[in-house]
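These notes concern the structure reproduced below.
The values are calculated or read from the model by the stated rules, or taken from the named source; none is laboratory data. Source: prediction; values computed, not measured. Ideal geometry is used to build each Cβ from the backbone, glycine not excepted, and the neighbour counts take in all protein chains shown.
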Amino acid sequence: MISSIATYLNRQTSAAPLAVFRMFFGIMMCYGMIRFAYHGWIDTLYIQPKFHFSYFGFEWVKPLGNYTYLLFIICGLSSLMVAAGYKYRLAIITFFLSFTYIELMDKTTYLNHYYFISLLSFVMIFLPANAHFSIDNIKRGTSYENIPNWTIDAVKLLLGIVYFYAGLAKINSDWLFRAMPLKIWLPSKYDLPLIGNSLMHQDWFHFAMSWCGMLYDLAIPFLLLYKRTRLFAFVMVLFFHIFTRVLFPIGMFPFIMIVSTLIFFDSGLHKNIINAIKKVLGSITAKVGIHYKAYYTYKFRKPVIMLFTLFFTWQLLFPFRYVLYPGELFWTEEGFRFSWRVMLMEKMGIATFKIVDGETGDYFYVENSDFLTDFQEKQMSFQPDFILEYAHYLGNHFKGQGHQNIQVYVESFVALNGRLSQPYIDDKVDLYQQKESLKSKDWILPFNDEIKGL
Amino acid sequence: MFTLRKVFWSVFVICCMVACSSSDDNPGGGNNGDGYNRGALLINMADNIIIPAFQDLDAKLEALKSSKNTFIAAPNQVNLGEVRTAWLEAYKVWQYVEMFNIGKAEAITYAFQMNVYPTSTQDIEANVASGSYDLEHPNNNDAVGFPALDYMLFGVDVDDAAILTKYADAKYATYLSDLVDQMKSLTSIVLSDWNTTYRDEFVNSTDNTATSALNKFTNDYVFYFEKGLRANKIGIPAGNFSATPLPEKVEGLYSDVYSKTLSLEALKAAEQLFQGEAYLTNAKGESFKTYLEFLKREDLVSTLNTRFVEADAKLQVLNDSFYDQVNTDNTKMTQAYDALQKIVVLLKVDMLQAFNISVDYVDADGD
């Protein structure tokens, strides 16, 4: 057992796949930053709002006013440096920190694929992604042909977890037996050419898409691992992600996943890609003398292996933390984020906050648009941790205005996956007295239905 | 690996078959034919509800204009009564069109020039005194439209005799006249746009995009119900959004006794639109209700029907004068508010979720 682990850890493989992965990753991230800025989202999501929703424990991470733009520039530049393999270690650490900081600024914008990118860039800090075909090679005059096999496997494992866990999350009665939320989403794509009015409203199509989506997510990591199914799997990846891109506003995610899955292919493909790039850059690279070494040697091999063992164990367990909370996961969302639960719910709510003077009983309702952007209000209205944080913000705001004996109550209704809306938060509980913690929130009213599944 | 591929496709095919056969178990659903005809919904809205309501409003404003002319020529008690009646008739019809803030109405900020209340008596008096004003200017939104007429016809002085004396002053007569003419002219602009070009544009814009007529119309309806009806007519005067009740913010403050009538009309208008009932004739056609039924959300339809009836009952028990109601027994006002809020929840959360229409504000990626 121990010897086979040792053998595995000593196995070497071509450095080309990781180098190509590094380049594509950097370029896509840079494009992602430019796209974000181009749509004006830095302003609308991080500068305009008066108030930002923070992650528990990260309340100190806030947008930096106009310096937020600088943050995005730093993030974009570091991703270009990653792509070029220029001062790689510094670049990827900068990218990881700046990107993660951006994501932590306001949880309204939480997306699983942003979390994925944060994790991936964290892993990449410890990978020799600049060992081959990088500017660092030219600077040092050394390039490595081979790197430890496990470094590439680490990326594959992370991708595999994302897919497989997304598949596991789909094994639930709403997804499989009610075809929810696809039954709501697909018919609304009626204006698509060809399939819009022929398939999108068909019952069988909703079910077929649900089941195939689940099977796809569960199977694709394995189909990509085996050489004989790899090409077929990649065609599936292409089809699936392009199709979902057409159907849903999911931005860059499909392209990131398509490009990332290239890492599963043999080094032959990657060498061809590198050669093609070399041809384009031919005149520049040819002049430089580089000493080619066969094997890359890790400086901190043992600590990195230890770290990865812990990291991946954590990754495997963390998505299951929801079992520690009572109540329906989709309803309470306790343990919902950071668990690869992607596109599982159509959830909408309305939350009306009531500021009460505890002594006189006088009260008034809050106009949410006075404090939140429409997007923040939408996200707040069905997520308990948002509701609590906002309640405290309101309480502090009105205290600052000189109101006395402040109590904050919320009258809220939430509709989940096409069920009739029902009361969400106990409107008898003064949220101003409740504290955010990792403990279960007993002021969330129970869900009137049952969703079976993982 | 040929076998693995085979296994995969077999599972795929089996899934499809299972899915198909299970859908066959529900022969009652309207899902088996073509998709829902959203164009028919918009045609019913435009041809049987929106345009007839605008036509009626235009006619009522024409009547108001003529009785106003009679009144200005001879400001006596009888003629004052005639203008007031014509004003009320037009104001009631207005409740059927305020929610259509789309097309030309949106472009010329029609609703802001027709029904912003409370009206500013200061601005009105200043305009009257100066004799020079641009009624279309946003600063004058609270000095024009039905609420301004409410003041001019009922509140410009202490009693009818004093009001009639006011109109001996040409400046008041002119302002009254300009207000009515402006309302009529704006309404004609909106109506003629519907009659010439906008109707076709409207009924053909059925895409699911943030800017399509279908989505805007739906969002506008929900927005109107929440703000124009629930908040403005009931919630704000009842003090739901302020430390104390604000009875002077009721609709029809100066005429005093019509706020309930106007609110009941507004609720009726909103319900008829939901049900797809034609204006005046009440013939039924495609609507949000039938769309929900197509999506098999009979549960939502029946809940909404119940809530509409309940809200109507809560409004019925109110005093004709909301000003008096707030001052004597505000609890009934807040109960009416709560009943309307229940409808807001169903429209804003459940109905919009069922339609899954692209909302016009979320400008970012999802996952």
Self-check item: Unique match (being over 24 Å from A:THR13 (Cα atoms) and of a type in the set (Phe, Trp, Tyr)) among A:TYR163, A:TYR144
Solution: A:TYR163
Practice problem: Can you tell me which residue among A:LEU18, A:LEU45 is more than 14 Å from chain B (Cβ to nearest Cβ), in contact (Cβ under 8 Å) with a residue 60 or more places away in the chain and aliphatic (A, V, I, L, M)? | Solution: A:LEU18
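From the list B:VAL344, B:VAL309, which one is closer than 24 Å to B:PHE274 by Cα, without any contact (Cβ under 8 Å) to a residue 24 or more places away in the chain and either in a helix (DSSP H, G or I) or in contact with a Phe, Trp or Tyr (Cβ under 9 Å, 6 or more places away or on another chain) (or both)? Write out each step before concluding.
Numbers: B:VAL344 fails: without any contact (Cβ under 8 Å) to a residue 24 or more places away in the chain.
Criteria check complete, one pass: B:VAL309.
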Quiz item: Pick from region A:425-447 the residues that are polar (S, T, N, Q) and touching a helix residue (DSSP H, G or I) at 6+ places or on another chain (Cβ under 9 Å): which of them is surrounded by the most Cβ atoms within 10 Å (Cβ to Cβ)?
Solution: A:GLN434
Practice problem: Determine the pairs where a residue that is farther than 12 Å from B:GLU125 by Cβ, located within region B:157-175, has a partner that is in a helix (DSSP H, G or I) with Cβ atoms under 6 Å apart, the partner being 6 or more residues away or on another chain. | Solution: B:TYR167/B:ALA173; B:ALA173/B:ILE72
Quiz prompt | Positions within region B:45-55 being touching a Ser or Thr at 6+ places or on another chain (Cβ under 8 Å) and either more than 20 Å from B:TYR291 (Cβ to Cβ) or surrounded by fewer than 22 Cβ atoms within 10 Å (Cβ to Cβ) (or both), in sequence order | solution = B:PHE54
Exercise. Say whether the condition of being closer than 21 Å to A:ALA154 by Cβ, small (Gly, Ala, Ser) and not in a strand (DSSP E or B) is met by at least one residue in region A:34-52.
Key: no
Practice problem: Please work out which residue is farthest from A:TRP185 (Cα to Cα), limiting yourself to region A:210-241 and to residues that are of a type in the set (Val, Ile, Thr) and more than 19 Å from the chain's Cα centre (by Cα). | Solution: A:THR229
Quiz item: Is there a residue in region A:84-98 that is closer than 27 Å to A:THR373 by Cα and assigned to a helix (DSSP H, G or I)?
Solution: yes
Exercise. Being more than 19 Å from B:ASN69 (Cα to Cα) and touching a helix residue (DSSP H, G or I) at 6+ places or on another chain (Cβ under 6 Å) is the filter here, so list the residues in region B:143-166 that pass it.
Key: B:ALA143, B:ASP157
Quiz item: Checking A:LEU307 against (1) closer than 26 Å to A:TYR390 by Cα; (2) more than 14 Å from chain B (Cβ to nearest Cβ); (3) surrounded by fewer than 19 Cβ atoms within 10 Å (Cβ to Cβ); (4) in contact (Cβ under 8 Å) with a residue 40 or more places away in the chain, which test does it fail?
Solution: (1)
Practice problem: Determine, yes or no, whether B:GLY239 is over 16 Å from the mean Cα position of the chain (by Cα), within 21 Å of B:ILE50 (Cα to Cα) and touching a residue at least 60 places away in the same chain (Cβ under 8 Å). | Solution: no
Quiz item: Of the numbered conditions (1) within 28 Å of A:TRP41 (Cβ to Cβ); (2) more than 8 Å from chain B (Cβ to nearest Cβ); (3) assigned to a loop (DSSP other than H, G, I, E, B), A:ALA391 satisfies every one except a single condition; which is it?
Solution: (3)
Quiz item: Residues in region B:228-241 that are in a helix (DSSP H, G or I) and within 10 Å of another protein chain (Cβ to nearest Cβ): how many?
Solution: 2
Quiz item: Give me the pairs: first residue in region A:248-260 and in contact (Cβ under 8 Å) with a residue 12 or more places away in the chain, second residue small (Gly, Ala, Ser) and not in a loop (DSSP other than H, G, I, E, B), beta-carbon distance under 9 Å, and six or more apart or on different chains, which are they?
Solution: A:GLY251/A:GLY32; A:MET252/A:GLY32; A:ILE256/A:GLY32
Exercise. Give the residue that is farthest from the chain's Cα centre (by Cα), with candidates limited to residues of region A:151-196 that are of a type in the set (Asp, Glu) and surrounded by fewer than 18 Cβ atoms within 10 Å (Cβ to Cβ).
Key: A:ASP191
Quiz item: Tell me, which helices (runs of 4 or more DSSP H) lie completely within region B:27-145 with 2 or more residues that are within 14 Å of another protein chain (Cβ to nearest Cβ) and free of Cβ contacts under 8 Å to residues at least 60 places away in the same chain?
Solution: none
Self-check item: Sole residue being among the β-branched types (Val, Ile, Thr) and more than 30 Å from B:MET351 (Cβ to Cβ), chosen from A:THR309, A:THR352, A:THR373, A:THR332
Solution: A:THR309
Exercise. From the list A:PHE353, A:PHE382, pick out the single residue that is within 14 Å of chain B (Cβ to nearest Cβ), assigned to a strand (DSSP E or B), touching a strand residue (DSSP E or B) at 6+ places or on another chain (Cβ under 9 Å) and surrounded by 20 or more Cβ atoms within 10 Å (Cβ to Cβ).
Key: A:PHE353
Practice problem: Within region A:1-56, count every residue that is more than 30 Å from A:TRP150 (Cα to Cα), among the small types (Gly, Ala, Ser) and within 20 Å of the chain's Cα centre (by Cα). | Solution: 2
Quiz item: Within the bounds of region A:156-176, is there any residue that is part of a helix (DSSP H, G or I) and without any contact (Cβ under 8 Å) to a residue 24 or more places away in the chain?
Solution: no
Quiz item: Across region A:107-135, what is the total count of residues that are closer than 23 Å to A:PHE382 by Cβ and either buried (at least 23 other Cβ atoms within 10 Å of the Cβ) or touching a strand residue (DSSP E or B) at 6+ places or on another chain (Cβ under 9 Å) (or both)?
Solution: 0
Quiz item: Given A:LEU262, A:LEU231, A:LEU223, which one is within 8 Å of chain B (Cβ to nearest Cβ) and assigned to a helix (DSSP H, G or I)?
Solution: A:LEU223
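Quick grid of which residues meet (1) of a type outside the set (Asp, Glu); (2) touching an Asp or Glu at 6+ places or on another chain (Cβ under 8 Å):
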| position | (1), (2) |
| --- | --- |
| B:PHE223 | yes, no |
| B:GLU226 | no, no |
| B:ARG230 | yes, no |
| B:LYS233 | yes, yes |
| B:ASN240 | yes, no |
| B:GLU251 | no, no |
| B:VAL257 | yes, yes |
| B:LYS260 | yes, yes |
| B:SER263 | yes, yes |
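Provide a single number: the residues in region A:412-438 that are more than 14 Å from chain B (Cβ to nearest Cβ) and out of contact with any Phe, Trp or Tyr (no Cβ under 8 Å at 6 or more places or on another chain). Full working, then the answer.
Taking region A:412-438 first, the residues more than 14 Å from chain B (Cβ to nearest Cβ) are A:426, A:428-438.
Filter once more, keeping what is out of contact with any Phe, Trp or Tyr (no Cβ under 8 Å at 6 or more places or on another chain): A:432-433, A:435.
The total comes to 3.
Of all the residues that make up region A:310-350, how many are within 13 Å of chain B (Cβ to nearest Cβ), small (Gly, Ala, Ser) and part of a loop (DSSP other than H, G, I, E, B)?
Total meeting the criteria: 1.
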Quiz item: Is at least one residue of region A:281-300 within 14 Å of another protein chain (Cβ to nearest Cβ), loosely packed, with under 13 Cβ neighbours inside 10 Å and in a loop (DSSP other than H, G, I, E, B)?
Solution: no
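Of all residues being β-branched (Val, Ile, Thr) and at pLDDT 95 or above in region A:291-312, which is nearest to A:PHE116 (Cα to Cα)? Just the residue, please.
Initially, region A:291-312 is screened for residues β-branched (Val, Ile, Thr), giving A:297, A:304-305, A:309.
This time we only want the ones that are at pLDDT 95 or above, so: A:304-305, A:309.
Details: A:VAL304: 20, A:ILE305: 20, A:THR309: 18 Å.
Ranking the candidates gives A:THR309 first.
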Quiz item: For residues in region A:167-206 being among the β-branched types (Val, Ile, Thr) and at pLDDT 90 or above, which is nearest to B:GLY35 (Cα to Cα)?
Solution: A:ILE184
